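The values are calculated or read from the model by the stated rules, or taken from the named source; none is laboratory data. Being a predicted model, the structure only gives us computed values, none of them experimental. Note: ideal-geometry Cβ built from the backbone for every residue, glycine included; neighbour counts use all protein chains shown. Accessible surface is based on the protein model in full, side chains and every heavy atom, while ligands, DNA and RNA are left aside. Shrake-Rupley method; radii C 1.70, N 1.55, O 1.52, S 1.80 Å.
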Amino acid sequence: MNLIYGMKQELLEAAIQIAEMGGQHTLKYFKKDIEIINKADDSPVTVADRETEQILRNEISKRYPDHGILGEEFGQTNEGSSIQWVLDPIDGTKSFIHGVPFYTTLIGILVDNTPIVGIIYAPALDELCAAAIGMGATLNGEPCFVRNTEHLKDATLLATEIYRFEDEVRQEAFEALLDKTKIHRTWGDAYGHMMVATGRADVMYDPILNIWDAAALLPVVQEAGGIFCDEKGKETIHTGNGISTNKALFPAIKNIFKNT
Ligand code: IPD
Ligand code: CA
Ligand code: CA
């Protein structure tokens, strides 16, 4: 299914508005004393995650009753639709529950499984990145771009946390990435990818990504002139991990991960 320009523009604008609605709702609970529930995978979830996803879902269904929705907290509706909204109401719940503002509300729109629109909204920082394939990326409405660091020795590397891999090859690759880069920070989750897409860092690595973590990232990073890929260097959201970087650094990064 090929989306005409006007339809893509409309979906981009709708996704921005809906992300803003959801993201604003998270602020009601940010830095407040709320219950933290442990999910089956031992990751935390709160009333803020759940209510926010409901707000996003209600608004999407109201505007586009035939479109599909896949959300982290409440699963899939309209699975057969060629247009799917992929939602992570709070990406970075671990930041959120510690009162750290580096969490985001994520919306990705897939057409026939290919990401075409991405929104990364950090409500506590008032930063919203939006992109549609072929239409550029913006930060708060202004065009944004990756920066053009050419060598890993000058690069700032971000990661969600300090990883300890059971797989030796992945451990070696991560350590090589640490060895070859200059500055390391854990300003991670989707916010780390947004840092790359807005020219504030050079590489963001995340070894564990579900589709709702990744769907918004690819359009934003790609349209900012960068590359969002998996450890194999494939530009996809479907393989469970993700790296954002610029085109100059991409070959060196691909080389580091070549045996994983
Ligand atoms: C997490 C983030 C993180 C990734 C984890 C996810 P959450 O999302 O996307 O970057 O490494 O696998 O669970 O749980 O805060 O929405
Ligand atoms: Ca997430
Ligand atoms: Ca989440």
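Could you go through the range 99-113 and let me know if any residue there is in contact (Cβ under 8 Å) with a residue 24 or more places away in the chain, on the phi < 0 side of the Ramachandran plot, open to solvent by 10 Å² or more (accessible area, probe 1.4 Å) and of a type in the set (Ser, Thr, Tyr).
No, there is no match, as no residue in the range 99-113 is in contact (Cβ under 8 Å) with a residue 24 or more places away in the chain, on the phi < 0 side of the Ramachandran plot, open to solvent by 10 Å² or more (accessible area, probe 1.4 Å) and of a type in the set (Ser, Thr, Tyr).
Looking at 26, 93, 104 in this structure, which one is over 24 Å from residue 238 (Cβ atoms) and in contact with a helix residue (DSSP H, G or I) (Cβ under 7 Å, 6 or more places away or on another chain)?
26 is the lone residue from the list that is over 24 Å from residue 238 (Cβ atoms) and in contact with a helix residue (DSSP H, G or I) (Cβ under 7 Å, 6 or more places away or on another chain).
Please enumerate the residues belonging to the range 60-109 that are more than 16 Å from ligand 2 (Cβ to nearest atom) and within 15 Å of the chain's Cα centre (by Cα).
109
Among residues belonging to the range 64-77 that are touching a residue at least 40 places away in the same chain (Cβ under 8 Å) and in contact with a helix residue (DSSP H, G or I) (Cβ under 6 Å, 6 or more places away or on another chain), point out the one that is nearest to residue 19 (Cα to Cα).
Across the range 64-77, the extreme among qualifying residues is 71.
Counting only residues that are away from ligand 1 (no atom under 16 Å from the Cβ) and of a type in the set (Gly, Ala, Ser), give me the strands (runs of 3 or more DSSP E) lying completely in the range 58-128 with at least 1 of them.
Per the criteria, 68-71.
Can you find a residue in the range 121-143 that is closer than 30 Å to residue 182 by Cβ, within 16 Å of ligand 3 (Cβ to nearest atom) and open to solvent by less than 20 Å² (accessible area, probe 1.4 Å)?
Within the range 121-143 (the criterion being closer than 30 Å to residue 182 by Cβ, within 16 Å of ligand 3 (Cβ to nearest atom) and open to solvent by less than 20 Å² (accessible area, probe 1.4 Å)), the answer is yes, since at least one residue qualifies.
Check 182, 232, 247, 254 and return the single one that is among the basic types (Lys, Arg), surrounded by fewer than 24 Cβ atoms within 10 Å (Cβ to Cβ), in contact (Cβ under 8 Å) with a residue 12 or more places away in the chain and under 21 Å from residue 116 (Cβ atoms). First the steps, then the outcome.
Working: 182 fails: under 21 Å from residue 116 (Cβ atoms); 232 fails: under 21 Å from residue 116 (Cβ atoms); 254 fails: under 21 Å from residue 116 (Cβ atoms).
Just a single option satisfies the conditions, and that option is 247.
Under the condition of being farther than 20 Å from residue 232 by Cα and open to solvent by 20 Å² or more (accessible area, probe 1.4 Å), which residue from the range 152-179 is nearest to the chain's Cα centre (by Cα)?
Taking the candidates together, the pick is 161.
In the range 15-73, which residues are among the hydroxyl-bearing types (Ser, Thr, Tyr) and within 21 Å of residue 122 (Cα to Cα)?
First, the residues of the range 15-73 that are among the hydroxyl-bearing types (Ser, Thr, Tyr): 26, 29, 43, 46, 52, 61, 64.
Of everything in the range 15-73, those that are among the hydroxyl-bearing types (Ser, Thr, Tyr) and within 21 Å of residue 122 (Cα to Cα) turn out to be 26, 29, 43, 46, 52.
From 210, 241, grab the single residue that is within 16 Å of ligand 1 (Cβ to nearest atom), open to solvent by 30 Å² or more (accessible area, probe 1.4 Å) and within 16 Å of the chain's Cα centre (by Cα).
Working: 241 fails: open to solvent by 30 Å² or more (accessible area, probe 1.4 Å).
Being within 16 Å of ligand 1 (Cβ to nearest atom), open to solvent by 30 Å² or more (accessible area, probe 1.4 Å) and within 16 Å of the chain's Cα centre (by Cα) holds for just one of 210, 241, which is 210.
For the range 200-219, which residues satisfy the criterion of being farther than 15 Å from residue 250 by Cα and away from ligand 2 (no atom under 15 Å from the Cβ)?
Passing the criteria: 200, 219.
More than 13 Å from ligand 3 (Cβ to nearest atom) and open to solvent by 20 Å² or more (accessible area, probe 1.4 Å), is that true of residue 62?
On the way: more than 13 Å from ligand 3 (Cβ to nearest atom): yes; open to solvent by 20 Å² or more (accessible area, probe 1.4 Å): yes.
For residue 62, the condition - more than 13 Å from ligand 3 (Cβ to nearest atom) and open to solvent by 20 Å² or more (accessible area, probe 1.4 Å) - is met.
Of the numbered conditions (1) closer than 18 Å to residue 128 by Cα; (2) outside any loop (DSSP other than H, G, I, E, B), residue 30 satisfies every one except a single condition; which is it?
For residue 30, the exception is condition (2).
What about residue 2, is it modelled with pLDDT under 95, open to solvent by 40 Å² or more (accessible area, probe 1.4 Å) and more than 15 Å from ligand 2 (Cβ to nearest atom)? Give the derivation first.
Details: modelled with pLDDT under 95: yes; open to solvent by 40 Å² or more (accessible area, probe 1.4 Å): yes; more than 15 Å from ligand 2 (Cβ to nearest atom): yes.
Yes; evaluated as a whole, the condition is true for this residue.
Do you know which residues across the range 73-98 are over 15 Å from residue 43 (Cα atoms), within 12 Å of ligand 3 (Cβ to nearest atom) and open to solvent by 10 Å² or more (accessible area, probe 1.4 Å)?
Answer for the range 73-98, where residues must be over 15 Å from residue 43 (Cα atoms), within 12 Å of ligand 3 (Cβ to nearest atom) and open to solvent by 10 Å² or more (accessible area, probe 1.4 Å): just 74.
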